[in-house]
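Below: the structure, in structure tokens.
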């Protein structure tokens, strides 16, 4: 805008009508939120940096979608119902059309899940940086946690894995891909679908859950450590999309992007064996993609096996911002 | 640390034992918080950028204090009692001693106000960027808001104004200051004291409140607009510290840093005239500095007057990240 100011900016793109449970929204020193009796508040904060968490050429609307989707995926992993968000935007300058696109993408997903934007901050800095906090509600004591997996539980994942990681490899020119595969994979990178409904349904079925943001192996290891157990993984059961398969045929290690790529935002969770039937029926009824990929074992550590029984060497730890090179 | 990783970093500097109302803290996809019955949750998010919101040479411990103090000041302005914080840190790299200092500063203030760090994110980026969200509790319907000022109410501020703004001017070489003034002023810039106890005490006394982060005039104008009223301000009553006075004697406009400087983190609030006695007695009993600086009027706008009755031209709008130059 011509005489753009911080206050105009907030008003133009980020003012929303009050939502459910919002006693006071954007525009005071704090927002005031009402938490219904019997509910716990689940909160999660994530930062996305341009060029690190999304490619520089990502459409503004996709950045808006992704920023919120990443947070909603954390709520999903706890079985929490999304309620509110706060947004800190650091921008190199004011770009009206970018802000409009970001805002449209963000609010399209927010409306879908009933999320109200209740506050935040806008600042000017050299690199686009987006920190978003999501706030969700879950009945007391019913949240899915990482530490509940028990020996004998089955390990499941939603959706397919490695698609976003492949999109990044294509973007970097590390592998080539024809159409429509490249386009489909890129959409998985730009517009992850948080498994919110699945997370809520899993409250009474799963013993532990985590969302896959750093790669299946890395995130499953977090769950195993928190639960003080180990696991056996069957590589053949790891869900791979047809587009993934079309691009990885020639790779030496075709499993790698699906196991260690990250940015999947699928749920990985464990379920006691006696609830297997109920779980699989529920997901089938709702057409929610689901794969059983292994089982929890007593011995700590993660062991991966090829279909022929050979051991797969899996020591990658997933994405780490500060790991030594 | 030698083989520093994101997870090690979180563990080493930011893991805290569970606090009051924390069902689950750092280390899962979300933190789980318990809000007591009858309370509303007040949340506020602020971003601090190195070189913008604090000078590059600010000690790490002071950055840790300031990041939290800024948020606590927002809670104070609503009359909310601090409870939890989440912290997104973007850092150019790992600097053990900086992180230790930041963590010490942050937790020293957190302990003082019973704040538990329950989550956050750490990322690597070119400029140190700190986004902090504070979460506080306030009895339902008792929060101080900006929109409750009424004609005839008195306008008060806590503490003294303009000290941080002067420290910045000294740092930039715009004015000179001897010791111990320069040191004292710099401390006000680096370690603002959030008026948390004052805010809580004001719940039953103030009709409206705001914290002064962008300058008295700019923030008072927010309050006036939200309340659909105007105000008359007596410049002679604006509280100036002895150190401020020692440095501004030669300035053409000695009021300017106190009126438009920002970074004060004092409270500005309005009180119905019939509660004047009770308010002033309470603040005197507790040795809390307090100044009555004006009164609310029907006619919109803000009018400032010199002691001799002349009108002071005050059109500055305070600090704005995106204002046209």
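The mean number of partner chain beta-carbon atoms within 10 angstrom of a residue's beta-carbon across peptide A:54-67 is 0. Placing a label point 7 Å from Cα along the Cα-to-Cβ axis, residue B:176 is separated from the same position in the other copies by 7.1 nm, shortest listed first.
Pairs of alpha-carbon atoms within less than 8 angstrom and 6+ residues apart define the contacts here; what relative contact order does chain B have, in percent?
Numbers: 710 pairs, mean separation 70.9, N = 325.
Over chain B, the number comes to 22 percent.
Relative contact order, percent, of region A:6-139 when contacts are C-alpha pairs under 8 Å separated by at least 6 residues?
Worked out over region A:6-139, it gives 39 percent.
What the Kirkwood sum gives for chain B is a hydrodynamic radius of 20.7 Å, with every pair of different alpha carbons counted. With its label point defined 7 Å out from Cα along the Cα-to-Cβ axis, residue A:152 lies at 7.5 nm from the matching points of the other copies, in increasing order.
Here the sum of -39500 (n - 2.57) over DSSP H runs of 4 or more residues, divided by the residues of chain B, equals -9500 deg cm²/dmol at 222 nm, to the nearest 500. With its label point put 7 Å out from Cα toward Cβ, residue A:301 sits 7.9 nm from the same residue's point in the other copies, in order from shortest. For region A:150-302, the normalised intensity computed at q = 0.16, 0.21 Å⁻¹ comes to -0.85, -1.30 (log10 of I(q)/I(0), Debye sum over alpha carbons, equal scatterers, no solvent). Each of B:45, A:197 was scored by other Cβ atoms within 10 Å of its Cβ. Arranged with the fewest first, they read A:197, B:45.
Among A:149, A:246, A:292, the largest mean-square fluctuation in a Gaussian network model of chain A, built with springs joining Cα atoms closer than 10 Å, belongs to A:246. Of A:143, A:42, A:226, the residue with the greatest mean-square motion in the GNM of chain A, using alpha carbon springs below 10 Å, is A:226.
How many percent of DSSP beta bridges within region A:6-139 run antiparallel, rounded to 5? Don't skip to the end; give the middle numbers.
On the way: 22 of 32 bridges.
The answer is about 70 percent antiparallel.
Region B:237-273 and region B:42-111 have Cα centres lying 24 Å from one another.
Helix A:60-78 and the longest principal axis of the C-alpha atoms of chain A enclose an angle of approximately 50°. Rg/Rh for region B:113-157 stands at 1.17; both radii use Cα atoms, and Rh follows the Kirkwood definition.
Going by neighbour counts of Cβ atoms within 10 Å, the residues A:190, B:264 line up, fewest first, as A:190, B:264. For chain A, set up a GNM with springs between Cα atoms under 10 Å and report which of A:159, A:148, A:21 has the largest fluctuation. Looking only at A:159, A:148, A:21, the biggest GNM fluctuation is shown by A:21.
For chain B, the longest principal axis of the Cα atoms and the long axis of helix B:276-285 meet at an angle of about 50 degrees.
Calculate log10 I(q)/I(0) of region B:6-139 for q = 0.10, 0.19 Å⁻¹, where I(q) comes from the Debye formula with a single equal point scatterer on each Cα and nothing for solvent. With no solvent term, the Cα-only Debye profile gives -0.30, -1.09.
Would you tell me the mean number of C-beta atoms belonging to other protein chains that fall within 10 Å of each C-beta in B:123-130, as a whole number?
Numbers: counts 10, 5, 12, 6, 5, 1, 10, 2.
So the per-residue partner count for this stretch is 6.
Taking 1 over the mean of 1/r across every pair of different Cα atoms in the protein assembly as shown, what Kirkwood radius in Å do you get? Could you put the intermediate results ahead of the total?
Working: mean 1/r = 0.0383 Å⁻¹.
Every distinct Cα pair counted, the radius reaches 26.1 Å.
Between the helical axis of A:96-112 and the longest alpha-carbon principal axis of chain A there is an angle of about 60 degrees. For the protein assembly as shown, the share of DSSP beta bridges that are antiparallel, to the nearest 5, is 75%.
Listing A:267, B:245, B:235 from the residue with the fewest other Cβ atoms within 10 Å to the one with the most, what is the order?
Values: A:267 28, B:245 12, B:235 19.
Starting with the residue having the fewest Cβ neighbours, the order is B:245, B:235, A:267.
Let me make sure I get this right: for region B:89-239, a, b and c are the square roots of the gyration tensor eigenvalues over alpha carbons, sorted descending. Under 1.5 in a/c it's rounded, otherwise prolate if a/b > b/c, else oblate. Which is it? Verdict is oblate for region B:89-239.
FYI, it's all coordinate maths here, none of it is from the lab. Keep in mind the model is a prediction, meaning the values are calculated, not measured. Using ideal geometry, Cβ is built from the backbone for each residue, glycine included, and neighbour counts are taken over all protein chains shown.
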